[in-house]
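A.B. asks: Next up is a structure, given as structure tokens.
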């Protein structure tokens, strides 16, 4: 099971941000699919324990349901990004419907960062969105959402790859919570041991 994106995929989408190669001391933790009242508050408290800042790629429909939780993410100094309104797959959606879904989310999120759900996006969708958003992918994916994966296997997907410039994906969702609750504290501890800093993704 792949933890790092294949090189050929990165060549297909060279304008996407896969990692920050010039970063000297920063690691970028990201959380997809929230906000989720059963999970996100714990994530925020855990990040606070380490004075860590992260980037939350939120769903517009969840922001609409939990506006105070979304506001709390921002209040605590984290960055936010657009993860679409309804977690739509670009491969199964015509480009106009897809863009409308993303822009509907933007009316609630107000971010110039975007991450496609399932990492499934067509070239036309990507080209259209590049006029308004920085598309941020990842260099390390925890696969915490995989119900077949054990907690220790999830941690094994992340901990060996912690290094400056890496973009790590977790999910603040109920489906991913078992693995994420185990792996996130270990990840934050490892980052602290390496004297690295958890930074939010902020782009002009």
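Coordinate-derived values only; no laboratory data. Small disclaimer: the values here were computed from a predicted structure and weren't measured. Cβ sites come from the backbone with ideal geometry, for glycine too, and all protein chains shown count toward neighbours.
A.B. asks: Which value, in Å³ per residue, describes the convex hull spanned by the Cα atoms of the stretch 122-204?
C.D. replies: Spread over its residues, the Cα hull of the stretch 122-204 gives 119 Å³ apiece.
A.B. asks: Separate question: Could you give the length gained on full extension between residue 118 and residue 130, defined as 0.36 nm per residue of separation minus the Cα-Cα distance, in nm?
C.D. replies: Using 0.36 nm per residue and subtracting the Cα-Cα distance, I get 2.5 nm.
A.B. asks: Among 20, 31, 70, 57, rank each residue by its count of other Cβ atoms within 10 Å, from fewest to most, as a rough exposure measure.
C.D. replies: Lowest count first: 20, 70, 57, 31.
A.B. asks: Tell me whether the stretch 20-69 comes out rounded, prolate or oblate; compute the Cα gyration tensor, take square roots of the eigenvalues as a ≥ b ≥ c, and use a/c under 1.5 as the rounded threshold.
C.D. replies: Oblate is the answer for the stretch 20-69, as a/c is 1.5 or above yet b/c matches or exceeds a/b.
A.B. asks: Helix 95-109 sits at what angle to the longest principal axis of the chain, using alpha carbons and giving 0 to 90 degrees rounded to 10?
C.D. replies: Compared with the principal axis, the helix lies near 50 degrees.
A.B. asks: Which of rounded, prolate or oblate describes the stretch 75-135 when judged by the alpha-carbon gyration tensor and an a/c cut-off of 1.5?
C.D. replies: It comes out prolate by the Cα gyration axes.
A.B. asks: Can you compute the radius of gyration and Dmax for the chain, using only the Cα atoms, both in Å?
C.D. replies: That works out to 15.8, 46 Å for Rg and Dmax.
A.B. asks: Angle check, please: helix 177-193 long axis (alpha carbons) against the longest principal axis of the chain (alpha carbons), in degrees 0 to 90, nearest 10.
C.D. replies: Around 60 degrees separate the two axes.
A.B. asks: Sort out for me the Cα centre separation of the stretch 132-150 from the stretch 2-28, rounded to whole Å.
C.D. replies: Spelled out, the Cα-based centre of one part sits 12 Å from the other.
A.B. asks: Oh, and also: Output the 0 to 90 degree angle, nearest 10, between the alpha-carbon long axis of helix 40-49 and the longest principal axis computed from the alpha carbons of the chain.
C.D. replies: Relative to the chain, helix 40-49 is tipped by roughly 50 degrees.
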